[in-house]
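As structure tokens, the structure follows; a few thoughts come after it.
The values are calculated or read from the model by the stated rules, or taken from the named source; none is laboratory data. Since the structure is predicted, the reported quantities are computational estimates derived from the model, not experimental observations. FYI the Cβ positions are ideal-geometry reconstructions off the backbone, even for glycines, and counts take in every protein chain you see. Surface accessibility is based on the protein's heavy atoms, side chains included, excluding ligands, DNA and RNA. Shrake-Rupley method; radii C 1.70, N 1.55, O 1.52, S 1.80 Å.
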Amino acid sequence: MELQKYPQNVQNTVNALLTQGSENLSNVRRRVMEYTMALSTGKQALLGNDAFLTEWKPYIDTVTQHAYRITDSHIAHLKDIGHSEDEIFELTVSAALGSGLARLEQGLAAIE
């Protein structure tokens, strides 16, 4: 991701998401964010084929495309298959930020 691509407050949020916490989960957050950015713009998007991300794909797709449809049952399902509330929160934020950045880029492109 380009440095200082976004307004400072947005860039600070992106940097915090991508650099805080464990390096392993930081890599997953980056992959989720990049996937949702592509998905939000209609580009071909691949989340990855490892088991961890494969089981997250339906949830991440819903957060990206229809966030208003997320219910307690979605969260309960993720908990039931062994994910912590921290993982759920972090990947939800990653998906939401990625789709939000895609929309920001589209808006900025329209202004130019």
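Observations on the model:
- Partners for K5 among lysines (Cα-Cα distance below 22 Å; same-chain residues under 8 apart left out): K43
- Separation of the E105 and K79 label points, Cα + 7 Å toward Cβ, nm: 3.5
- Segment T62-T19, extension gain: residue separation times 0.36 nm, minus the distance between their alpha carbons: 13.0 nm
- Whole-Hz Karplus values for segment 13-20 come out as 5, 4, 4, 5, 4, 8, 10, 8 Hz, taken residue by residue from phi with 6.51 cos²θ - 1.76 cosθ + 1.60 and θ = phi - 60°; glycine and proline positions read x.
- Taken over the Cα atoms of segment 7-72, the convex hull encloses 117 Å³ per residue.
- Accessible surface area normalised per residue over the chain is 61 Å², counting heavy atoms of protein chains with a 1.4 Å rolling probe.
- Between helix 85-111 and the chain: long-axis angle, C-alpha atoms, 0 to 90°, nearest 10: 20
- Once the Kirkwood radius over Cα pairs is known for the chain, the Stokes-Einstein relation at 10 °C and 1.306 mPa s delivers a diffusion coefficient of 109 µm²/s.
- Ignoring lysines fewer than eight residues from K79 along the same chain, the ones with Cα atoms less than 29 angstrom from its Cα are K57.
- Each Lys or Arg adds one and each Asp or Glu takes one away; over the other residues whose Cβ falls under 9 Å from the Cβ of L25, this sums to -3.
- Structure-based [θ]222 nm, the chain - -39500 (n - 2.57) summed over DSSP H runs of at least 4, per residue, nearest 500: -24500 deg cm²/dmol
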